[in-house]
Amino acid sequence: KHLNYQPIGVIGELYVGGEGLSREYLHRDDLNKISFIENPHKPGERLYKTGDLVRWLPDGNLEFHGRIDNQIKIRGFRVELGEIESVISELDGVIETVIKPVKVQDGNYKLVAFIDVEKNYKGDARDVERAIKVKLPPYMVPSAYKFMHGFPKTINGKIDRKALIFDSREFENRQKHEPEWMTDTEKAIQKIWSETLKTGNISVTDN
């Protein structure tokens, strides 16, 4: 963020420059102010802010690590939404996936997976969750899943992410049923963790 060079192996945002750099976006002064900047290392030259996250490899190549605008912080962890989308989209019967953060109380966010599935898809949220827990850490596992047959599209044919809506109140309806065999101590501990983590979706068997 301070426009310093990153060492080999450290992820940073990619800026491009040189003689082939475009002059500007046509009639988009708002974008030009954000995207085209002066090169702090070479006065008089300009750089273009790509929004891509990359890191230098020892052999000089660049390794792509997603988009800076497709990252969000969940429970203190920086999450690349595209990585979750990629894992879910690999599952049989899944056509496409979009992960969106949904704001809940106290400004916290929970992840929701919108999943475009084939018409004969027989799976449910538990099947998806079991499959992705093998590949993803717990903080990257979505809190809810919404199955759809086709996504809304923009006029350019891209997925209209703004049109994918999930009411945060639906989280309350997805909480696990409290087992009748919980002791008073377990219920007290569950209450403490639920309040601390801002969720009721906690069981005594959870990690």
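The values are calculated or read from the model by the stated rules, or taken from the named source; none is laboratory data. Model, not experiment: these values are computed from the prediction. FYI the Cβ positions are ideal-geometry reconstructions off the backbone, even for glycines, and counts take in every protein chain you see. Only protein heavy atoms, including side chains, enter the accessible area calculation; ligands, DNA and RNA are left aside. Shrake-Rupley method; radii C 1.70, N 1.55, O 1.52, S 1.80 Å.
Only one residue of 125, 151, 114 has its Cα farthest out toward the positive end of the dipole of the stretch 104-158, where Lys and Arg carry +1 and Asp and Glu -1 on Cβ, and that residue is 151.
Which entries in 100/187; 122/146; 49/133; 103/146; 1/42; 133/153 show an alpha-carbon gap greater than 24 Å? As for pairs spanning more than 24 Å Cα to Cα, those are 100/187; 49/133; 133/153. The simple spin-label model puts a point 7 Å past each Cα toward its Cβ; for residue 135 and residue 2 those points are separated by 3.7 nm. Note on the stretch 42-139: percent of Cα-Cα distances in each 10 Å bin, starting at 0 and stopping at the bin with the largest distance, equals 12, 36, 30, 15, 6, 1.
Annotation: extensible slack from residue 32 through residue 64 equals 9.1 nm (criterion: 0.36 nm per residue apart, minus Cα-Cα distance). In this label model, residue 182 and residue 165 are separated by 3.3 nm, measuring between points 7 Å along each Cα→Cβ vector. Based on DSSP H segments of at least four residues, each scored -39500 (n - 2.57), the chain has a per-residue ellipticity at 222 nm of -5500 deg cm²/dmol. Of 186, 38, the residue with the largest accessible area leads and the full order is 38, 186 (1.4 Å probe). Note on residue 92/residue 15: beta-carbon distance plugged into 1/(1 + (r/R0)^6) with R0 of 30 Å gives a FRET efficiency of 0.15. Rg over Rh for the chain works out to 1.05, both radii taken from alpha-carbon positions and Rh defined as the Kirkwood radius. Each label was represented as a point 7 Å from its Cα along the Cα-to-Cβ direction; for residue 153 and residue 57 these points are 3.4 nm apart. The packing ranking of peptides 151-158, 78-85, 30-37, highest mean first, is 78-85, 30-37, 151-158, where packing means the average number of other beta carbon atoms within 10 angstrom of each residue.
Heavy-atom accessible surface of the chain, averaged per residue, reaches 70 Å², computed with a 1.4 Å probe.
Using R₀ = 41 Å, calculate the FRET efficiency as 1/(1 + (r/R₀)^6) where r is the Cβ-Cβ separation of residue 72 and residue 42; round to 0.05. The pair residue 72/residue 42 has a calculated efficiency of 0.80. Dipole size of the chain about its Cα centre, with +1 on Lys/Arg Cβ and -1 on Asp/Glu Cβ: approximately 360 debye, rounded to the nearest 20. If Rh is defined by the Kirkwood formula over all Cα pairs and Rg also comes from Cα, what ratio Rg/Rh do you get for the stretch 40-91? Over the Cα atoms of the stretch 40-91, Rg/Rh equals 1.11.
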